[in-house]
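Step one of this worksheet: look at the structure below.
The values are calculated or read from the model by the stated rules, or taken from the named source; none is laboratory data. Model, not experiment: these values are computed from the prediction. Note: ideal-geometry Cβ built from the backbone for every residue, glycine included; neighbour counts use all protein chains shown.
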Amino acid sequence: MILYTYSREIEPNEDRWKDTGIQSFFFAELEEVRQIVLELREEIASDEDKQPSWSPVRIERIELLAPTTQNVLTLLNEGIGPLIRRYEIVETIA
């Protein structure tokens, strides 16, 4: 199963899949996550009350292990980290 997500570039890669309590959002298509990140950047840039606080965002592709009963239990009990088979940064939006 292939999913896409995003994270701020300043977050260390080695801590990326640790459960920090901060919610991640996942998408089925690359174009879907790209559009969300671009909209988020536009929203932050258009806020006239604040100085823009945008920092580069990584768009990430993750390949998960097959959705078996055991893997679903792992997801519920330990988070997504143990289920990631492959991970790559496909794009950075500055």
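Of note:
- For THR92: the one exception among (1) polar (S, T, N, Q); (2) modelled with pLDDT under 95; (3) not in a helix (DSSP H, G or I): (2)
- Total residues in region 62-87 satisfying the condition of being out of contact with any Ser or Thr (no Cβ under 8 Å at 6 or more places or on another chain) and over 16 Å from PHE25 (Cα atoms): the figure is 14.
- Restricting attention to region 13-63, the residues being farther than 23 Å from MET1 by Cβ, among the basic types (Lys, Arg) and modelled with pLDDT of 80 or more number 1.
- Subset of region 51-83 (residues that are in contact with a strand residue (DSSP E or B) (Cβ under 7 Å, 6 or more places away or on another chain), farther than 13 Å from GLU9 by Cα and exposed (fewer than 15 other Cβ atoms within 10 Å of the Cβ)): GLU63, LEU65
- Within region 7-36, residues that are closer than 18 Å to GLU63 by Cβ sit with their Cβ atoms under 7 Å from residues that are assigned to a loop (DSSP other than H, G, I, E, B) and modelled with pLDDT under 95, at 6+ positions apart or across chains, in these pairs: SER7/ARG16; TRP17/ILE80.
- For region 66-85, the criterion of being within 20 Å of ARG16 (Cβ to Cβ), assigned to a strand (DSSP E or B), in contact with an Asp or Glu (Cβ under 9 Å, 6 or more places away or on another chain) and of a type in the set (A, V, I, L, M) is satisfied by at least one residue.
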